[in-house]
1. Taking the chain as a Gaussian network, Cα atoms linked when under 10 Å apart, which of 85, 31, 112 shows the biggest mean-square fluctuation?
2. First check a/c for segment 1-56, with a ≥ b ≥ c the square roots of the eigenvalues of its C-alpha gyration tensor; if it is under 1.5, answer rounded, and if not, answer prolate when a/b is larger than b/c or oblate otherwise.
3. Write down the percent of antiparallel bridges among all DSSP beta bridges whose residues are both part of the chain, to the nearest 5.
4. May I ask you to derive the relative contact order of segment 75-145, considering only C-alpha pairs under 8 Å and at least 6 residues apart, and to give it as an integer percent?
5. Pick from 67, 39, 75 the residue whose mean-square fluctuation is largest in a GNM of the chain, springs joining Cα atoms under 10 Å.
6. Relative contact order of segment 9-145, please, whole-number percent, based on alpha carbon pairs below 8 angstrom and at least 6 residues apart.
7. Given the rule -39500 (n - 2.57) for each run of at least 4 DSSP H residues, summed and divided by the residues of the chain, what is its mean residue ellipticity at 222 nm, to the nearest 500 deg cm²/dmol?
8. Rounded to whole Å, give me the distance from the Cα center of segment 36-81 to that of segment 1-24.
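Every number in this text was worked out from the coordinates using simple rules, so none of it is lab data. Just so it is clear, the structure is predicted and the values come from calculations on it, not from any experiment.
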Ligand code: IDP
Ligand code: MG
């Protein structure tokens, strides 16, 4: 089975700046398929589950506060090697260093805040994708076709 699924989030900064369409456009133009999509106000428990790996880090609380600061858009994106492919489209975590041409490199910059605001989240492995898809889309299969 070569087709994969990944979880993409447009974070509150992306929604506030009306960049949802831009992010979707880049995903679709690249050739990946969006197979599920929802807008939501993420509550603390969903964010604690999603960011469990970062618990205890200095930016953990600011991160959860930021992610709860406004609506987010969650989507399942599908395609061969989409997990690494979307990470490549997104660019590295720090938007100052993200290569121009990437979502973070083109659309985000350092805002001087204690949490990095960088428009999007993308799962970093097949294991993370399965775990994260189950959080935001319970009942939808994590397996591609
Ligand atoms: P990723 O989103 O590129 O996978 P992670 O290391 O998983 O990066 O971190 C999750 C999110 O936490 C980042 O996207 C960013 O918003 C924030 N973050 C990560 N590292 C830092 C940091 O060192 N300072 C402030 N915020 C950070
Ligand atoms: Mg991550």
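1. Highest fluctuation among the options: 112.
2. Details: a/c = 2.35, a/b = 1.30, b/c = 1.81.
Oblate.
3. Values: 18 of 19 bridges.
Restricted to the chain, the bridges split so that about 95 percent are antiparallel.
4. 26
5. Of the options given, 39 has the highest mean-square fluctuation.
6. Values: 191 pairs, mean separation 39.7, N = 137.
So the answer I get is 29 percent.
7. On the way: 7 runs with 56 residues, N = 145.
Calculated at 222 nm, the ellipticity per residue is -10500 deg cm²/dmol.
8. Computed from Cα coordinates, the inter-centre distance equals 12 Å.
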